[in-house]
Amino acid sequence: MLSKKSSHTARSETLYLNLQKIFRRLSFGRSLKAKAPTLSVTQMRILSFFNERDVVYISEISRVLGMSLQSVNNMVHRLEDRGYVERSKNSSDKRLSDIRLTEKGRMGFQAFRNEQFEVISEILAGIDPVEQKLLAATVETAAAILEKTADRETTDKTQQETQAG
């Protein structure tokens, strides 16, 4: 019989491997691969920040992606050079730059999202409607758990910075 810790570790490993399969399947659809995309997966992840807001910041991207500020700054600079994003000074904090999608960036990101929706639709087409509902509920629960964890980590980090300062 597996101990509680080894059972937890086995579940964690299985979950990790299954999530990797999902991410690989959803990273890029077939047509983007066929067209030799000009953006890296990381650059697409940066563009995905605009899924929920109009303006993002280097520090926010760095924290969420676990990348150094310099690496994110370089990636954003390349996106800017390619015309996908633009920077402007933040009106209330001159240390920050507001990063926004350009029209080209909006069109590219929308094409990427449409392709992702197509891939998901293909996946769902092969699944029984009851299983579709179960999958949707499970993914929604997982997203809520991950969001709560991220919020807790942000709160903890803010508290640590406040205590240190």
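Simple spin-label estimate for ARG53 and ALA143 gives 1.8 nm between the two label positions (7 Å along the Cα-to-Cβ direction from each Cα). Between the range 53-73 and the range 96-121, how many Å separate their Cα centres? Here the answer is 17 Å between Cα centres.
Tell me, what is the FRET efficiency for ARG152 and ALA125 to the nearest 0.05, using R0 = 41 angstrom and their Cβ-Cβ distance as r? Given R0 = 41 Å and the Cβ-Cβ separation, E is 0.65. Mean sequence separation of contacting Cα pairs (under 8 Å, at least six apart), scaled by the length of the range 29-126, corresponds to a relative contact order of 26 percent. For ILE58, the shell of other residues with beta-carbons less than 11 Å away shows a net charge of +1, using +1 for Lys and Arg and -1 for Asp and Glu. By the count of neighbouring beta-carbon atoms within 10 Å, fewest first, SER121, SER97 end up ordered SER121, SER97.
Note on the range 29-126: along the principal axes its Cα atoms extend 51, 24, 23 Å, ordered by decreasing extent. Label separation (GLU60 vs MET107): 2.6 nm, computed from points 7 Å beyond Cα along the C-beta direction.
A short reminder: the numbers here are calculations on the coordinates, not readings from a lab. Keep in mind it's a predicted model, so treat the numbers as computed, not measured. Here the Cβ is made from the backbone with ideal geometry for all residues, glycine too, and neighbour counts use every protein chain on show.
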